[in-house]
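Okay, structure first, notes after.
Nothing in this text is a laboratory measurement; each read-out follows from the coordinates by a stated rule. It should be emphasised that the depicted structure is a prediction, and the values quoted were computed from it without experimental measurement. Cβ coordinates were reconstructed from backbone atoms using ideal geometry, including for glycine residues, and neighbour counts include every protein chain displayed.
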Amino acid sequence: MMKTSWQTGNLPAEIGGLIGRSAELAELARLIGEHTLVTVTGPAGVGKTRLAVEAARACRLPDGAWFADLAAERDAGLLAHGVSAALGVGDQAARPQREVLAERLAGKRMLLVLDTCEHMIASCRELAEAILAAAPGVRILATSRRPLGLPQERVLRLEPLAVPPTGDDRPERYDAVRLLARRAEALGARPEGGAAADRRALGELCRRLDGIPFALELAARRLRTISPGELAERPGDVFSLLGDDPDRIAEGRHHSLRTAVGWSHELCGPEERLLWARLSVFPGGFDIGSAITVCTDDRLPDAARPLARLIEASVVTRSTAGRCRLYAPMREYGAFWLRELGEEEELRRRHHRHYREAAVRAEAEWAGRVQLDWTDWAHREYPNLRAAIEHTVTGPDGLELVAALWFLWFCAGRITEGRRHLDRALAHNRRPTPARTKALWASAWVALAQGDLAVAADRSLEALEEATDQGDEAGAASAVHVAAVLAMLRDDLDRALKLVCEAIDLFARVPDPGIGLAMARPTLALILGRRGDHERADQVLQGHRAWCERQGEVWSRSYGDYVRSVLELGRGDLDAAEAHVHAALAAKWRLGDMLGSALAVDQLAAVAAARGDGERSARLLGAGQRIWSAFGGPQAGARAFASGRHTTEHRVRSMIGDERYEAAYARGTSLEPGGGVID
């Protein structure tokens, strides 16, 4: 049966042990054990996230501990999508994603960490309330500068680390001094040096920085090049220029944090300061190549060297995988200076252009050997892609970006959010263009996947009309293919066959049909198979598989495997049917194609029933329905899909009886088909 993927969670890697938080950690563990909602509050930089992660790491719940970083989320309407993505919950339903997420977590016993809630406090409160109402076994641990405000919430206020009083002769006894000294020593500095003056200077530094851990860690970097006494005596700070205006820097930003970030800024030369400001345009992580492309110009002709220095100074952090990011205080500081420099709009345009050009290239190459690489890229860069979309969605550049990402929306699991972006872009871009045609047929595919067949039909017809007027044969072919699938789902096989053959003929006239022709061939084979023309269906699938192998293509090949399994089951070759559907499910799950995964699991259930294994078939039907439920309707509203499931269900009920069927089905609904691993 399918193995659950809920056992380990997704907590961030450990990035240095806690110092001086044993009492707070014990209290937080107690609160988590006794209450369903706990919020760690405190000023910026006080260590809320690190404490929450350490508490989560020690938490032992059957379904694990899961972490959702909300720092890059800016659209309240997409908050549930961001949390869903962190948990691996599908994004397919036409209904609100908050409902889908809450329903998916029902029955789970797990800890969910919602990190950095303060900028979306109302939306986080509503999401937490919905999850806790639907899933009493879920515990939520939030971090925020202020509480969420729910009745059941318990708040742990995290204060800065203890600092020594003025004149204390043994400052090393205090947690703030211990943290500063250890972090500096880890960087090769010797801040205590054995001298009483140095120890007192460390105490003075900690007092000046109010014991805030993030500020202390920034100060530790300075101690590689300057003595504690010299640093402690520095007057003022660059960040003080920002004042306390909440529009210029995040509300409640502590003066000590401004001091520490200002010191880091003082260390930088003009190029590093300019690059720091420009990097703030990236809402989440970024790779070095993207940073160089977006930030380089005549004022900064070589961004690579200042970027290396910012990484060395810990202004920019770099993971072992090579991804970089600015922590929130650094990004907010950089964003302020980007506005002051008058470059914010220009950098947003460059950021959008970079990701739009990458998305266009991804679409062009997606039908080949780098398909999985581009799919992974799209998921990895999604915060940047989303920011680029939001900046330009009302214009033609935004439409081009949204349309180019159709493979991410339909083939790789971001169906609901994709439909939202497509609908907005289409509403603001009425003039017919090839990009609009593509957005129309892409919108038809995602509506079809959600079971909204009427909208899918309208969109495909509109796409066909616009494509015909423009002489866009590839766009027309894609629109006709959608219409063919709609006819098949409505059991109008004669019309479906006519339309899919028309689509294939149109694709054949296009110099580079790309993935479009490959998508249409399994559709043709499935229609032929349902009409009883198995010989011709076999020929189509053989040609399709040969093309996929030459291209190194995975996604449409997996649909071919699914169709082959359906045909082999009809012929009674159960071993071949199971082998092909295993291959299909593994690929579909790897890509995030939840519609394909649901179809494959249903097919596995049909094969199990044909083998006489009613218990396994019932469990698989339960597991399949778990995926289908994310779409907001039974079997995406398609009678053909539902009919196949009902046939299998009736066969299994007659085989093992209603009571055994219901028990096995219920066990199946608790399983996660991660990677398509079947025992």
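Give me the number: length gained by fully extending residue 666 to residue 571, i.e. 0.36 nm times residue separation minus the C-alpha to C-alpha distance, one decimal in nm. Mind dumping the intermediate values first?
Details: separation 95, 0.36 × 95 = 34.20 nm, distance 3.06 nm.
Gain in length upon complete extension: 31.1 nm.
If you plug each phi of segment 70-75 into the Karplus form 6.51 cos²θ - 1.76 cosθ + 1.60 with θ = phi - 60°, what whole-Hz ³J(HN,Hα) values come out, in order, with x for Gly and Pro?
Result, rounded to whole Hz: 9, 4, 8, 6, 10, 9.
Based only on the alpha carbon positions, what is the Kirkwood hydrodynamic radius of the chain, in angstrom?
That comes to 27.4 Å for the chain.
Given the peptides 78-87, 32-41, 555-564, arrange them by the average over their residues of other C-beta atoms within 10 Å, most packed first. Working shown, then result.
Numbers: 78-87: 22.7, 32-41: 19.9, 555-564: 25.6.
Sorting 78-87, 32-41, 555-564 by mean packing, highest first, produces 555-564, 78-87, 32-41.
If you find the alpha carbon centre of segment 309-337 and of segment 22-89, how far apart are they in angstrom?
If we compute the Cα centre of each part, the gap is 22 Å.
Multiplying the sequence separation of residue 372 and residue 74 by 0.36 nm and subtracting their Cα-Cα distance, what value in nm do you get?
Roughly 104.5 nm would be gained on extension.
Give the dimensionless ratio obtained when the Cα radius of gyration of segment 22-157 is divided by 2.2 N^0.38 Å.
Normalised Cα radius of gyration, segment 22-157: 0.96.
Which of the peptides 355-364, 300-309, 382-391, 414-423 is most tightly packed, and how do the rest follow, going by the mean number of other Cβ atoms within 10 Å of each residue?
So the peptides 355-364, 300-309, 382-391, 414-423, ranked by packing, come out 414-423, 382-391, 355-364, 300-309.
Under the rule that a partner needs its Cβ under 4.7 Å from the first Cβ, which Cys of the chain have none?
59, 206, 268, 295, 324, 411, 501, 548
Rounded to the nearest 0.05, what FRET efficiency do residue 14 and residue 461 have when you use their Cβ-Cβ distance and R0 = 60 Å?
0.65
Between residue 533 and residue 319, what is the FRET efficiency for a Förster distance of 60 Å, r being their Cβ-Cβ separation, to the nearest 0.05?
0.65
If I model a spin label at residue 512 and residue 309 as a point 7 Å from the Cα along the Cα→Cβ vector, what separation in nanometres do I get?
The answer from the label model is 4.1 nm.
Would you kindly derive the ³J(HN,Hα) couplings of segment 210-222 from the backbone phi angles with the Karplus curve 6.51 cos²θ - 1.76 cosθ + 1.60 (θ = phi - 60°), listing them in order in whole Hz, with x for Gly and Pro?
Those phi angles translate into 6, x, 7, x, 5, 5, 5, 5, 5, 5, 4, 5, 5 Hz.
In debye to the nearest 20, how big a dipole does segment 22-157 give about its Cα centre with +1 on each Lys and Arg Cβ and -1 on each Asp and Glu Cβ?
Numbers: 17 positive and 16 negative charges, 52 e Å.
In debye, rounded to 20, segment 22-157 gives about 260.
For the pair residue 468 and residue 495, how long in nm is the line joining their label points, each one 7 Å along Cα→Cβ?
In this crude label model, residue 468 to residue 495 measures out at 1.5 nm.
At a temperature of 4 °C and a viscosity of 1.567 mPa s, determine how fast segment 432-553 diffuses translationally according to Stokes-Einstein, using the Kirkwood radius over alpha-carbon pairs as Rh; express D in µm²/s, rounded to the nearest whole number.
90 µm²/s
Skipping prolines and chain starts, which residues have an amide H placed within reach, meaning under 5 Å, of the one on residue 40, given they are 5 or more residues away or on another chain?
142, 143, 144, 156
Ignoring everything except DSSP H segments at least 4 long, calculate the 222 nm mean residue ellipticity for the chain; use -39,500 (n - 2.57) per segment, divide by total residues, nearest 500.
-19500 deg cm²/dmol
With only Lys, Arg, Asp and Glu charged, each at its Cβ (+1 for the first two, -1 for the last two), find how big the charge dipole of the chain is about the Cα centre; round to the nearest 20 debye.
In total the dipole reaches around 1040 debye.
Which listed residue (428, 382, 418) has the Cα farthest towards the positive end of the charge dipole for segment 349-430, taking +1 on Lys and Arg C-beta and -1 on Asp and Glu C-beta about the Cα centre?
My answer, from the dipole projection, is 428.
Return the loop-located trypsin sites (Lys or Arg not before Pro) in segment 24-82 (DSSP other than H, G, I, E, B) with at most 14 other Cβ atoms within 10 Å of their own Cβ; answer none if there are none.
60
Going by alpha carbons, how many degrees (0 to 90, nearest 10) lie between the helix axis of 175-186 and the longest principal axis of the chain?
Compared with the principal axis, the helix lies near 70 degrees.
Karplus couplings for segment 97-114 from phi (6.51 cos²θ - 1.76 cosθ + 1.60, θ = phi - 60°), rounded to Hz, Gly and Pro as x?
Coupling constants for segment 97-114: 5, 4, 5, 4, 5, 4, 5, 5, 8, 4, x, 7, 10, 8, 10, 10, 9, 9 Hz.
Would you kindly give the portion of the calculated P(r) for segment 349-430 that falls above 18 Å, as a percent of all Cα pairs?
The proportion of pairs with Cα distances above 18 Å equals 33 percent.
Using Cα pairs closer than 8 Å and at least 6 residues apart in sequence, work out the relative contact order for the chain, in percent. Can you show the working numbers first?
Details: 1165 pairs, mean separation 74.8, N = 679.
That works out to 11 percent.
Going by average Cβ density within 10 Å per residue, which order do the peptides 651-663, 597-609 take, highest to lowest? Spell out each step's value before the answer.
Working: 651-663: 15.3, 597-609: 27.0.
Descending packing order for the listed peptides: 597-609, 651-663.
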